[in-house]
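The values are calculated or read from the model by the stated rules, or taken from the named source; none is laboratory data. These numbers were taken from a predicted model, which means no experiment stands behind them. Cβ sites come from the backbone with ideal geometry, for glycine too, and all protein chains shown count toward neighbours. Ligands, DNA and RNA are stripped out before the accessible areas are found, and what is left, the full protein with its side chains, is counted by its heavy atoms. Shrake-Rupley method; radii C 1.70, N 1.55, O 1.52, S 1.80 Å.
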Amino acid sequence: MASATEILLGVLPLLVIAYLMVGQYWPATRAMPVAWVTAVVVGFFGWEMTPRWVAAATINGFITATNILWIVFGAILLLYTLKQTGAFDTINAGFTSISEDRRVQVVLLVFLLGSFIEAAAGFGTPAAVVGPLLVGLGFPPLAAVVVALTGNLMAITFGAVGTPLIIGLQDVFATSDVATPAGTTVPEWVAQIGVWAATFHVTVGILLPFVGVAMMTRFFGEERSIRPALEVLPLTLFAWFTFAVPYWLTAYFIGPVFPGLIGAMSGMVLTVGALKAGFFHPDEEWDFGPQETWPNHWVGDIEPGETTTQDGTIAADGGVVTKQMPLWKAWTPYAMLAAVLVLTRVWSPLTDFLTNTLVLAWSDILGTGLENDFPLLYLPGAVFVFVHLLTIPIQDMNGHEIKAAWVETAEKVMPAVVALLFAVATVQIMIQSGKAAGIDSMLAVLSDATANFAGGVYPFFAALVGAFGAFLAGSNTVSDILFGTFQYNVAENLGVSRTILVGAQAVGGAIGNLIAIHNVVAALAVVGLVGEEGRVIRLELIPLTYYAVVTGTLTMLFVYVIFPGVF
């Protein structure tokens, strides 16, 4: 058993992150390099890491981070491309034309459209995009942020076409000393983890669309009650069902890349179709009270009813922009994205070509045996950029719009570069720390101590550990990188299912996004309400508590009662 000194040293990099980001409000761009330095010092003095092993682990982390950044860049580029052409405003108008009822709009724009954006782009973009759309429709900015952060939680685990599971778990496990179920590879096992994560989400998420509506009516309605939300309960359950069934089936039969995309697309088509056919409309239309009765902290620099069009002008027309575009044309890039992603993953000749062409690989990094690569063409980032190039002629982009999309994308991605590079490098040092001396790594020591301290009740808190990681880093992917191996080791020490416990980690990483400081600040900034972070986080603790408690209860039931024999 590890000594108290070893445990304290092992947890020190994580304590540094927590203190700097939560206690001192440092941005991740400053906190993560300090955490990396801390991990280097701890590794050198406490784990006998040589400079060669420190450098190799850091390089390995940088390569993994570059994979993430390529995906993020492509996803954001396509999103800003559609904003520049006006396609996104057209998509929004197509939804809002269905109903003027704010409760229906939350289901359509927050749960379904927000989930689609998360599945396609991830990394905090849904709240930053959907929030301004809601404000443009007349929502109080504070209400827009609160519901926008809440609604897309089910898609986060599979966000940015599966990045949290593929990069956050699969790539990390491939360089770690983890066993997989007999006869399975690491990718196959991570796909199984994805099925368990989807199972948690489908079960707990049955109330998610309702919770989003209830948060709005309880805290921002004139009556301050959830009763108006109960009136649209049939609609929220139908939207959940049309999303959840294809979502889970996709995770089970296809893998972790497409559940969010296919679930959201199915939900949008079926729910919009049902509403257009006259089903699920509430008897009376619900709206916020008169604006003059709203508290001052509900509204910031942007007045409700205003929305920024693709040319930077302000329109007060509920999202109808000057550059008109047919709805089918607006959706075409995302349809192409889904088709190309599927093609590159299921057509073997193309898959083989992409996985073996322009692959920047480094085997036996600095003679340590570590290896990693950067498959430029196979990663989804290349698909996003390819669809962006196809969109230029399809949606008649001019040079100014193309330049603006690239500039906005660079501005959005650049702050994440330093944070991700050093966050992943820090985790790699913690994972590889024991190999040079043939002893347990920092994460192994921490998992042993946690298992001994929490004992058999730990599975209840597994999702909260993942939520803590996302709260710190603002990313489900980084949370999985930070704690995926840790959860595996704890499960192994407790003798419970490693697959289920890591699945709970993947769900926890999504839960933590509700209160992730980066996400909250970004969502508030785009609606002109910077400074209300504390108020938003306090409100988001309500859905977080519901999701974490139910997920924890399910985890205990799964590992001890229902599925005790699962690997």
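In this simple spin-label approximation, H400 and L249 carry label points 7 Å from Cα along the Cα→Cβ vector, and these lie 4.7 nm apart. In segment 476-491, whose amide N lies under 18 Å from the spot 7 Å out along Cα-to-Cβ of N452? List them in ranges. Inside the label zone: 486-487, 489-491. Helix content alone sets the calculated 222 nm mean residue ellipticity of the chain: runs of n ≥ 4 DSSP H residues at -39500 (n - 2.57) each, divided across all residues, give -21500 deg cm²/dmol.
In the chain, the longest principal axis of the Cα atoms and the axis of helix 380-394 are about 30 degrees apart. Of the three principal axes defined by the Cα atoms of the chain, the extents in descending order read 67, 49, 44 Å.
The F567 and T355 beta-carbon pair, evaluated with R₀ = 25 Å, returns a calculated FRET efficiency of approximately 0.40.
The C-alpha atoms of the chain define a longest principal axis, and helix 208-220 lies at about 60 degrees to it.
Residues whose amide H comes within less than 5 Å of that of F374, counting only those at least five positions distant or on another chain, are L360, A361 (H built at 1.01 Å from N in the peptide plane). Here segment 97-216 has 60 percent of its accessible surface on carbon and sulfur atoms, given a 1.4 Å probe and all protein chains in place.
Cβ-Cβ distance of F279 and S225, R₀ of 25 Å, FRET efficiency by 1/(1 + (r/R0)^6): the value works out to about 0.50. Extension gain, Q291 to V417: 0.36 nm times the residue separation minus the Cα-Cα distance gives 41.3 nm.
Counting only alpha carbon atoms, the long axis of helix 28-46 and the longest principal axis of the chain meet at about 10°.
Of the trypsin sites (Lys or Arg not before Pro) found in segment 216-277, those that fall in a DSSP loop while having at most 16 other beta-carbon atoms within 10 Å are R224.
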